[in-house]
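The values are calculated or read from the model by the stated rules, or taken from the named source; none is laboratory data. Fair warning: this is a prediction, and the values are worked out from it, not measured in the lab. Cβ placement follows ideal geometry from the backbone for every residue including glycine, while neighbour counts extend to all protein chains displayed. Surface areas here come from the heavy atoms of the whole protein model, side chains and all, with no ligands, DNA or RNA. Shrake-Rupley method; radii C 1.70, N 1.55, O 1.52, S 1.80 Å.
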Amino acid sequence: MTSSASADVVVIGSGFGGAIPAYHLAAGGARVVVLERGPWLSSEEFDHDFKLGSSYTRIFDFTVGDGMSVLGGNCVGGGSVVYFATMPRAPRFVFERQGSIGRRMWPAAITRDTLDPWYDRVCESLPVTMQSWDKVPYAGGLFAAACEHAGRTANPVPSAVDVDKCTNCNWMMAGCRFDAKRSLLLNYLPGALAHGAEIRPLHEVQHLSRTDDGGYRVHYRIVDAEDYRILHDSGTIDAKIVIVAAGAGATPVILQRSEPTLGTMPTAVGRYFSGNGERLNTAVFDDDRVREVLGLSRPDGRGYGANQIGRGPTVATWDRLDPDLPEYERYSLEQLFFPLGLGTILAQVPDADGPTWFGLAKKEMLRRWQSWLTLFTMSEDDNEGVFGPPPATGNADRISQQMLGRGSLSYRPTANTLRGWAAADADARDILERDGLARVMPWTNDVVGAYTVHPLSSCRIGDDPATSALDDRHELRQHPGIFVTDGSAVPGALTVNPALTIAALAERAVPGIVRAAQERGVAVSYRGTLPDGSVTAVPQVVPS
């Protein structure tokens, strides 16, 4: 069965890049439809377990590529539902990076100073606050103490978490059932709904085509609610403006698949992918040494043994975010909790004889899982990822009923990227292995290649048409009226968590999108209001 409809604006994806323009355009009077590939879950549906069919498998998308795997959100609210809500601003030097192209990657119109007012708007909307030391969970305090012991500084990170509501259950990645984490389900999306926007979950966009009146037709399939490998009815929605915000692992695939019906895509679509220079190390702490060296212990006398208690990353060391350091030698190290499951598979045994990610030594390491601490590196890479030909449907060939797919991304880390990872690995060992506090080992790349939870840059903004798919207004080159506002628009690695920068860029893009919509005959204005967060986005029955 096929259905058709029309709107002023179709937004593909409901994460930061989709929810923010959806809210502003709806508030300005446009008829807005948001198409989201994943399901729509409310807070009481976020489960604290790893069972098939729980929120963990329903709201994640893990795509295995050739040399790089990508973990992202797959639900209404997108990455904001599964993120750790760590919201730093990108360092000033990031906007001057040259990267692999040998000249400034970012458009001349965007600097840290010009982006700061847009950062401010997002921080007010969510809101984002600086965590205080007395609110930092034990794991963050342990990392801070280890940094001090090693002569490093440590900082509580800015966060979009209401710490008064937070129970420190450390199930943030399964969705926050206490509404403590400020996901988009609590601000921009309910604001968009209040202004008449329509959100359609389980609608997977396949491609775009042109209409006779100069607009665009968005072609979608309905995804089965239980088995994501099964696609049901098809449909189309015609619109004057299309905003593609399906994520850096899906946006380029949709545009690539649209080339036969839209015409040639800019060369940079599906190129220059960045994994935000990310890498993970696992430290296995010695509880006795934590007590003896750092003077720390929990009420039951254990030095650590607290991995499951907390709320993700709360403390980082930013000593290496020094603008005077050479490019590719700047990175942040952030303590985080990575849940059991994928983490237990990819964590390697430090100093093991023989296999390091399976076997008897790994079994013993797993027995001590409560004393693990994961250290997260975000460094500078060379934007070396490239997407191959798109799959027949969706962003990947689905392997399992939920969550897992095989994608077309190819990634071969350059010497520059490897140098940054090696420096960060050495730093992690230097901080955490001093005086026998812990033993540290990077996650293996043998199973799924490198991996990222913050994919960026696959359709990036820039001034040079040869190396950027979008202009500095986020409009797709050669295709007026199509805008890209998700992480794929970010020009390169940020050395910090990217959610706030993605959101700020989306806020910045909205006035230009409004002007483009007006030029195409849409009765819409830019009001500049912000959602008040007084309501929650509740799942509704929507047409297919």
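Structure data summary
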quantity: Descending semi-axes in Å of region 11-129, equivalent ellipsoid built from Cα gyration tensor; calculated: 29, 21, 15
quantity: Dipole in debye (nearest 20) - the chain, about Cα centre, beta carbon charges: Lys, Arg +1; Asp, Glu -1; calculated: 460 debye
quantity: Within region 298-342: Cβ-based charge dipole about Cα centre, in debye rounded to nearest 20 (Lys, Arg +1; Asp, Glu -1); calculated: 420 debye
quantity: Selection from Ala516, Val157, Tyr272 lying farthest towards where the dipole of the chain points positive, charges on Cβ; calculated: Ala516
quantity: Potential extension, Leu52-Arg302 segment - 0.36 nm per residue separation minus Cα distance; calculated: 86.7 nm
quantity: Degrees between helix 16-27 axis and first principal axis of the chain (Cα, 0 to 90, nearest 10); calculated: 40 degrees
quantity: Cut-off under 5 Å, modelled amide H: who pairs with His207 long-range; calculated: His219
quantity: Region 250-300: trypsin sites (Lys or Arg not before Pro) falling in loop per DSSP and having at most 11 other Cβ within 10 Å; calculated: none
quantity: ³J(HN,Hα), Karplus 6.51/-1.76/1.60, whole Hz, each residue of region 136-153, x for Gly, Pro; calculated: 6, x, 4, 4, x, x, 4, 5, 4, 5, 5, 4, 4, 4, 8, x, 10, 8
quantity: Angle in degrees between helix 499-519 and the longest Cα principal axis of the chain, rounded to the nearest 10; calculated: 10 degrees
quantity: Glu259 accessible area, assembled protein chains, probe 1.4 Å, Å²; calculated: 70 Å²
quantity: Computed label-point distance, nm, for sites Glu364 and Val538 using a 7 Å Cα→Cβ extension; calculated: 5.5 nm
quantity: Where N is the number of residues in region 265-319, Cα Rg divided by 2.2 N^0.38 Å; calculated: 1.92
quantity: Residue-averaged 222 nm ellipticity for the chain, from DSSP H runs of 4+ at -39500 (n - 2.57), nearest 500; calculated: -6000 deg cm²/dmol
quantity: Nearest-ten-degree value, helix 112-125 long axis tilted from longest Cα axis of the chain; calculated: 90 degrees
quantity: Correct option for mean projected area of the Cα convex hull in nm² [calculated from the coordinates] among (i) 22.8; (ii) 25.5; (iii) 31.4; calculated: (i)
